[in-house]
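Asks: A single structure is presented below for examination.
The values are calculated or read from the model by the stated rules, or taken from the named source; none is laboratory data. Please read all numbers here as calculations on a predicted model, not as lab measurements. Here the Cβ is made from the backbone with ideal geometry for all residues, glycine too, and neighbour counts use every protein chain on show. Note: accessible area is taken over every heavy atom of the protein model, side chains too, but ligands, DNA and RNA are not part of it. Shrake-Rupley method; radii C 1.70, N 1.55, O 1.52, S 1.80 Å.
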Amino acid sequence: MRIMHLSRAAETLRWFLIPVMKAQVERGHEIVICTGDSPDAEALREAGFEVFTHGMQRSLNPGRALSAIATIRRVIREQRIQAGVCHNSLAGVVGRIGASLAGRPRFVYFAHGLACGPAQGALNWMVRFQVERSLAPLTDALIVMNDYDERLGRRTPLAKDASRVFRIPGMGVDLDRFTTEMPREDRARLEQELAIAPDRKIVLSVARLIPEKGVTQFVEAALDLGRRRRDACFLLAGTGPLLERLRSMVAEARAEDHVKVLGWRNDIQTLMKCADIFALPSYYMEGLPVSILEAMACGKPVVSTHHKGCEDAVTDGATGFLVPSRQSGPLADRIAALLDDERLRLGMGRAGRQRVEREFQMAECTRIIVETLE
């Protein structure tokens, strides 16, 4: 079967879907990719995939959306696509419309987090929900990753019928890369690079720097804790529109010695291994946050939020703590509790690693995804 994977940005496919697409090739399918033009798209070509670009942008510009729909329709027809998988919300909308106009029978919406979530305002939620509901007749199957999305998807339903809503255990984690081993030389190298005193514990967050990822609350909690104690250093890795604003917050507080907004890093697995605590105070349209699972695989306790996806990854009180979203105070309190209790940190870290080994190994998750797509 000739299958098209569609995403707004090639980043999603490059970093999370290559194992799935390669497994589909091994089963005899031909894979075509339609995505945005970027270095990640070129990396997909280098990995052996046929890649077309659609010109879709991270915006709701109607003209660009119509142009992308027309391009997707053309690619589906010219490449004789028999089935498609669209990833994430914007590609899910234009992809299903383009597939419908192309007259192709099977199109799956692989929701890495439904756009309508509990942390949104009522009006925003309703608009996004109505969009999803209107596209249900064009959705041959809906794939979700968490309890909230599964309940919403089945109750409405957000596919042709409730039996076509499928739950998977996320994308999985490569346990050979993300391990509990932390070479001392790696920690020493990081301490030297970032001017971290050897006796300080490291609290790490990795996220796209947008408000919904809770990065402002993370920096606020770090500044608060830094005023009260000097035994921790807070690292925030990632890029996005809030980068300079967050750096300004730290500079204005004169806290650069213990709060460091790093920007883009290519050594996330090393940061994970060297950290003592991981935090992701997200209220984004999460599916199942990979960064949380990677931190757990490295044996780190996690502080996250009572929010869809996050509460499916973290077992509150066992592998970490869950706190209310959009609030820096409870976040700081739970981080402080972990900083103060080494036995608690280590115990939660071990429990997290064990959970990932049981439920989120990449090979098993890939097998489940591929079989679901069949």
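Asks: Restricting to region 111-134, count the residues that are buried (at least 20 other Cβ atoms within 10 Å of the Cβ) and either basic (Lys, Arg) or outside any loop (DSSP other than H, G, I, E, B) (or both).
Replies: Result for region 111-134: 1.
Residue by residue, here is whether (1) assigned to a strand (DSSP E or B); (2) open to solvent by 30 Å² or more (accessible area, probe 1.4 Å); (3) at pLDDT 95 or above holds:
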| site | (1), (2), (3) |
| --- | --- |
| Ile143 | yes, no, yes |
| Asp149 | no, no, yes |
| Gly153 | no, no, yes |
| Lys160 | no, yes, yes |
| Ser163 | no, yes, yes |
| Phe166 | yes, yes, yes |
| Gly170 | no, no, yes |
| Thr179 | no, no, yes |
| Met182 | no, yes, no |
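Asks: Ok, one more. Within region 88-101, work out how many residues are over 21 Å from the mean Cα position of the chain (by Cα) and open to solvent by 10 Å² or more (accessible area, probe 1.4 Å).
Replies: Count: 3.
Asks: Would you confirm whether or not region 210-223 contains a residue that is under 19 Å from the mean Cα position of the chain (by Cα) and surrounded by fewer than 18 Cβ atoms within 10 Å (Cβ to Cβ)?
Replies: Of the residues in region 210-223, the ones under 19 Å from the mean Cα position of the chain (by Cα) are 210-218.
Narrowing the set further to residues that are surrounded by fewer than 18 Cβ atoms within 10 Å (Cβ to Cβ) leaves 210-211.
The answer is yes; a qualifying residue exists.
Asks: Inspect region 78-87 for any residue being in a helix (DSSP H, G or I), of a type in the set (Asp, Glu), in contact (Cβ under 8 Å) with a residue 24 or more places away in the chain and open to solvent by 30 Å² or more (accessible area, probe 1.4 Å) and give the result as yes or no. Steps first, answer last, please.
Replies: Filtering region 78-87 down to residues in a helix (DSSP H, G or I) leaves 78.
Imposing the further condition that a residue be of a type in the set (Asp, Glu) reduces the set to 78.
Those still in the list that are in contact (Cβ under 8 Å) with a residue 24 or more places away in the chain too: none.
No, there is no match, as no residue in region 78-87 is in a helix (DSSP H, G or I), of a type in the set (Asp, Glu), in contact (Cβ under 8 Å) with a residue 24 or more places away in the chain and open to solvent by 30 Å² or more (accessible area, probe 1.4 Å).
Asks: Further, regarding this structure: Across region 102-122, what is the total count of residues that are modelled with pLDDT under 95 and of a type outside the set (D, E, K, R)? Working first, answer last.
Replies: We begin by selecting, within region 102-122, every residue modelled with pLDDT under 95; these are 102-107, 115-122.
Adding the requirement that they be of a type outside the set (D, E, K, R) leaves 102-103, 105, 107, 115-122.
Of the residues in region 102-122, 12 are modelled with pLDDT under 95 and of a type outside the set (D, E, K, R).
Asks: How many residues does region 28-52 hold that are in contact with a helix residue (DSSP H, G or I) (Cβ under 7 Å, 6 or more places away or on another chain) and farther than 11 Å from Arg8 by Cβ?
Replies: First, the residues of region 28-52 that are in contact with a helix residue (DSSP H, G or I) (Cβ under 7 Å, 6 or more places away or on another chain): 31, 33-36, 38, 40-41, 43-44, 47, 49, 51-52.
Still in the list and also farther than 11 Å from Arg8 by Cβ: 31, 33, 40-41, 43-44, 47, 49, 51-52.
Going through region 28-52 one residue at a time, the tally reaches 10.
Asks: With Arg230, Arg245 as the choices, which residue is open to solvent by 20 Å² or more (accessible area, probe 1.4 Å) and at pLDDT below 95?
Replies: Details: Arg245 fails: at pLDDT below 95.
Exactly one of Arg230, Arg245 is open to solvent by 20 Å² or more (accessible area, probe 1.4 Å) and at pLDDT below 95, namely Arg230.
Asks: Go through region 195-247 and give me each residue that's touching a Cys at 6+ places or on another chain (Cβ under 6 Å) and assigned to a loop (DSSP other than H, G, I, E, B). Explain how you work it out, then say what you get.
Replies: Of the residues in region 195-247, the ones touching a Cys at 6+ places or on another chain (Cβ under 6 Å) are 196, 200, 202.
Listed by number, the residues that qualify are Ile196, Arg200.
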